[in-house]
Amino acid sequence: DIRVDAIILSGSVTSCLELNEPWIQPYDEFVTRHINLGTPMLGICYGHQTLARCLFAMAGQKPTLRKSEHPELGWQKIQLVGINPLFEGLNASFITYQSHYEEVGEFPPNVDGFAKSEFCETQAFQVRSKPIFGLQFHPEYSIEEAERSLANKLKKGERKDWILNPGKGSKLYDENVGKVIFGNFFRIA
């Protein structure tokens, strides 16, 4: 067996509702094994949704993953609704980059939720007593990457009411948000 210190589960172009891709079952088995081991994990967007899918399955429940009623694409305010060491050093609300059409409908069993946004109640959770976290948003994006992504979405004809604050990243986003979150994760791991 390979020793793993920590795992970051990234986003994906694959839908969290699509389970027929040949890589998803082994991926979920890998994630479930590491949940059981208590390996530190940080799931971002699709990774967050995967953690939820696996946690529901581990509890014998059907996952509550769904299409977002209002996809969040752009700069969105996150509101803390609980205290968590992953967000230590951040304000009770902060702006970050979002890019999701799907979401976790309700928190899975055995987690504590600690953040929400205007359109998504399940922005962040931690598995109880384990250093395993899920984030719906994208703290890894720089302002430039996020603005490029938004510009591409608009060019491709994305619904304008789903695009949040395009071109305003430099005024709204403090890139220390991502640095704090990743710094805290690696300190915890």
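The values are calculated or read from the model by the stated rules, or taken from the named source; none is laboratory data. Fair warning: this is a prediction, and the values are worked out from it, not measured in the lab. So basically every Cβ, Gly included, is an ideal-geometry build from the backbone, and we count neighbours across all protein chains shown. Side chains included, ligands, DNA and RNA excluded: accessible areas come from the protein's heavy atoms. Shrake-Rupley method; radii C 1.70, N 1.55, O 1.52, S 1.80 Å.
Remarks
- For segment 50-128, the Cβ-based charge dipole about the Cα centre amounts to some 200 debye (Lys, Arg positive; Asp, Glu negative; other atoms uncharged).
- Label-reachable residues, segment 108-136, where backbone N falls under 15 Å from a point 7 Å from residue 37's Cα toward its Cβ: 131-132
- Residues whose amide H falls under 5 Å from that of residue 123, counting only those 5 or more places apart or on a different chain, are 115, 116, 117, with hydrogens built in the peptide plane.
- Taking amide H as placed 1.01 Å from N in the peptide plane, residue 95 has its amide H under 5 Å from the amide H of 78, 174, each at least 5 places away in sequence or on another chain.
- Protein heavy-atom accessible surface, 1.4 Å probe, per residue over the chain: 51 Å².
- J(HN,Hα) series, segment 79-91, from Karplus relation 6.51 cos²θ - 1.76 cosθ + 1.60, nearest Hz, glycine and proline x: 10, 6, 10, x, 8, 8, x, 5, 9, 4, x, 9, 5
- The chain: DSSP helices with Cα axial extent of at least 20 Å and average Kyte-Doolittle hydropathy no lower than -1.0: none
- Cα→Cβ-extended label distance, 7 Å offset, between residue 21 and residue 142, nm: 2.6
- Among 70, 180, 30 - extreme Cα towards positive end, dipole of the chain, charges at beta-carbon: 70
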